[in-house]
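Novice: After the structure tokens below, expect a handful of questions from me.
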Amino acid sequence: MGYLQGDKPISITKLLAMHAEREKITMLTAYDSTMSALLNRCGVEVILVGDSLGNVIQGHSSTTPVTVEQMVYHTECVARANTRAFLISDLPFASYGDPIQALDSAAELMRAGADMVKLEGGDWQADIIQYLVERSVPVCAHLGLLPQSVHLLGGYKVQGKSKDAASHMLEQALTCQAAGAQMLVLEAIPSSLGERITEGLHIPTIGIGAGPDCSGQVLVLQDMLGISPGKPPKFVKNFMDGHQSIEAAIKAYVREVKSGKFPGLEHGFAG
Ligand code: KIV
């Protein structure tokens with residue numbers, strides 16, 4: 001076990017310190033113990049057990065069919081091999097409709113091994129974020145493209161493009177932070193807005209299609225390994241290109257996020 005050999009597990013305090021020191025945070029998704037062990041070996045600081053498992057593991061066209069029970073199963077699989085990374089697990093669709101339900105769902109994920117739970121939404125989730133945090137459940141919020149709302153949004157579209165929508169998203173981010181969220185994922189928004197929100201907050205932002213100025217970056221593992229079917233989103237880079245093994249590709253991702261090489265201009269969206 002890495003941390004028994006002297007490597008301390010990554011805590012939220014460590015992630016907040018990295019953000020304060022402007023050291024980029026690396027995050028990738030994982031859904032099983034083999035990949036969890038590999039991400040640990042490659043030095044990835046945060047593992048996200050994303051409800052994207054609905055797409056990449058279960059073969060659905062959206063994340064909405066994923067249940068708490070399934071998230072618990074995959075969180076346990078990942079946690080078993082996790083030696084050092086900070087583990088975030090997604091609260092799936094319709095599992096946090098009110099504070100009591102959110103606490104029940106979050107408790108299951110925490111018992112399965114999560115260090116933090118992630119939920120999608122802005123000021124309409126503030127009461128739930130506050131309720132969870134006051135009961136010792138650390139929360140990561142998620143703004144921009146919200147995959148659980150895909151049926152409401154009418155597809156996977158870049159968010160926050162107009163001046164008003166951008167200002168509104170910044171307000172939403174501040175509300176989530178004030179409610180107690182300790183991290184914020186920003187998905188598919190203009191790079192300029194990713195920078196503006198990151199500058200406006202004191203908690204770390206983790207971007208996926210939100211430009212190079214976020215405090216850290218996340219990708220779906222299968223996407224960055226180039227094995228997801230279909231055309232990848234613009235913000236994805238295939239790190240297997242030029243690398244001989246999955247381990248080398250993940251190490252390259254870590255290096256490129258740390259150095260600021262990834263994401264490049266070509267992976268971002270204009271406002
Ligand atoms: O479920 C997931 O993998 C996510 C990432 C896209 C951030 O939420």
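Novice: Can you check how the C-alpha radius of gyration of region 1-129 compares to 2.2 N^0.38 Å, as a plain ratio? Write out the running numbers ahead of the final one.
Specialist: On the way: Rg = 14.8 Å, N = 129, 2.2 N^0.38 = 13.9 Å.
Relative to the rule-of-thumb radius for its length, region 1-129 sits at 1.06.
Novice: Rank these residues by their accessible area, most exposed first, probe 1.4 Å: Thr175, Thr198.
Specialist: Thr175, Thr198
Novice: Something else now. When the dipole is taken about the Cα centre of region 195-271, and only Lys, Arg (+1) and Asp, Glu (-1) are charged at their Cβ, what size is it in debye, to the nearest 20?
Specialist: Around 80 debye, computed over region 195-271.
Novice: Something else about it: Could you please report the charge total around Glu108, scoring K, R as +1 and D, E as -1 over all other residues with beta-carbon less than 15 angstrom from its beta-carbon? Display every interim value, and only then the final one.
Specialist: Working: positive: Arg111, Lys118, Arg135; negative: Asp51, Glu69, Glu76, Asp90, Asp104, Asp115.
Every neighbour counted, the sum reads -3.
Novice: Something else: Residue-wise, which Karplus ³J(HN,Hα) couplings in Hz belong to region 51-62, taking 6.51 cos²θ - 1.76 cosθ + 1.60, θ = phi - 60°, and x for glycine or proline?
Specialist: Working through the residues one at a time gives 6, 4, 4, x, 7, 7, 9, 8, x, 6, 8, 8 Hz.
Novice: Set Lys and Arg Cβ to +1 and Asp and Glu Cβ to -1, take the dipole of the chain about its Cα centre, and tell me which of Leu146, Pro9, Gly43 lies farthest positive.
Specialist: Gly43
Novice: Turning to a different aspect of this structure: Can you tell me the dipole magnitude for the chain around its Cα centre, using point charges on the Cβ only (Lys, Arg +1; Asp, Glu -1), in Debye to the nearest 20?
Specialist: Using Cβ point charges on Lys, Arg, Asp and Glu, the chain gives about 740 debye.
Novice: In Å, what is the Rg of the alpha-carbon atoms in region 60-124, and how long is Dmax?
Specialist: For region 60-124, the Cα-based Rg and Dmax read 11.9, 35 Å.
Novice: With θ set to phi - 60° and the Karplus curve 6.51 cos²θ - 1.76 cosθ + 1.60, what are the ³J(HN,Hα) couplings of region 72-83 in order, to the nearest whole Hz, using x for Gly and Pro?
Specialist: Once θ is set to phi - 60°, the couplings for region 72-83 become 4, 4, 6, 5, 4, 4, 5, 4, 4, 9, 7, 9 Hz.
Novice: Determine the calculated [θ] at 222 nm for the chain from helices alone, applying -39500 (n - 2.57) to every DSSP H run no shorter than 4 residues and normalising by the residue count; nearest 500 deg cm²/dmol. Mind dumping the intermediate values first?
Specialist: Numbers: 11 runs with 108 residues, N = 271.
Taking each H run of at least 4 residues, the total per residue is -11500 deg cm²/dmol.
Novice: Please give the peptides 117-123, 64-70, 33-39 ranked by average Cβ packing (other Cβ atoms within 10 Å per residue), highest first, as a rough proxy for protection.
Specialist: Output ranking for 117-123, 64-70, 33-39: 117-123, 33-39, 64-70.
Novice: What is region 114-217's relative contact order, in percent, from Cα pairs under 8 angstrom and six or more apart in sequence?
Specialist: The value is 26 percent.
Novice: Distance check, please: which entries in Lys163/Lys237; Lys24/Lys251; Lys161/Lys261 exceed 26 angstrom between their Cα atoms?
Specialist: From the list (Lys163/Lys237; Lys24/Lys251; Lys161/Lys261), the Cα-Cα distance tops 26 Å for Lys163/Lys237.
Novice: To continue, here is another question. Percent relative contact order of the chain, based on C-alpha pairs within less than 8 angstrom and at least six residues apart?
Specialist: Dividing the mean separation by the residue count of the chain yields 18 percent.
Novice: Can you run phi through the Karplus equation (6.51, -1.76, 1.60; θ = phi - 60°) for region 17-33 and list ³J(HN,Hα) in whole Hz, with x for Gly and Pro?
Specialist: 5, 4, 4, 4, 8, 6, 8, 5, 9, 9, 9, 9, 7, 8, 10, 9, 6
Novice: With only Lys, Arg, Asp and Glu charged, each at its Cβ (+1 for the first two, -1 for the last two), find how big the charge dipole of region 11-135 is about the Cα centre; round to the nearest 20 debye.
Specialist: 560
Novice: Using +1 at the C-beta of Lys and Arg and -1 at the C-beta of Asp and Glu, which of Leu193, Gly230, Ser245 has the Cα lying farthest in the positive direction of the dipole of region 154-245?
Specialist: Going by the charge dipole, the pick is Gly230.
Novice: Please compute P(r) over all alpha-carbon pairs of region 71-163, binned at 5 Å starting from zero, and give each bin as a whole-number percent.
Specialist: Reading upward from the zero bin: 3, 13, 23, 22, 16, 13, 7, 2, 1.
Novice: Please report, to two decimal places, log10 I(q)/I(0) for region 120-268 at q = 0.09, 0.15, 0.18 Å⁻¹ as given by the Debye formula with identical point scatterers on the Cα atoms and no solvent.
Specialist: -0.29, -0.79, -1.06
Novice: So how far, in whole Å, is the C-alpha centre of region 152-167 from the one of region 1-67?
Specialist: 27
Novice: For the chain, what is the Kirkwood estimate of the hydrodynamic radius, computed as the reciprocal of the mean inverse distance between distinct Cα atoms, to one decimal in Å?
Specialist: In the chain this quantity evaluates to 18.3 Å.
Novice: In terms of modelled amide H atoms, which long-range or inter-chain residues lie less than 5 Å from the amide H of Phe269?
Specialist: Sorted by chain and number, the residues that satisfy this are Ser191, Gly211.
Novice: Tell me which trypsin sites (Lys or Arg not before Pro) from region 6-71 have a DSSP coil assignment and no more than 12 other beta carbons within 10 Å of their own.
Specialist: Working: sites: Lys14, Arg22, Lys24, Arg41; in loops: Arg22, Lys24.
For trypsin sites (Lys or Arg not before Pro) across region 6-71 that sit outside H, G, I, E and B with at most 12 neighbouring Cβ atoms in 10 Å, the list reads Arg22.
The values are calculated or read from the model by the stated rules, or taken from the named source; none is laboratory data. As the structure is a computational prediction, the values presented were derived from the model and not from experiment. Neighbour counts are summed over all protein chains in view; Cβ atoms, including those assigned to glycine, are modelled from backbone coordinates with ideal geometry. The protein model used for the area step is the full one, side chains on, heavy atoms only, and it has no ligands, DNA or RNA in it. Shrake-Rupley method; radii C 1.70, N 1.55, O 1.52, S 1.80 Å.
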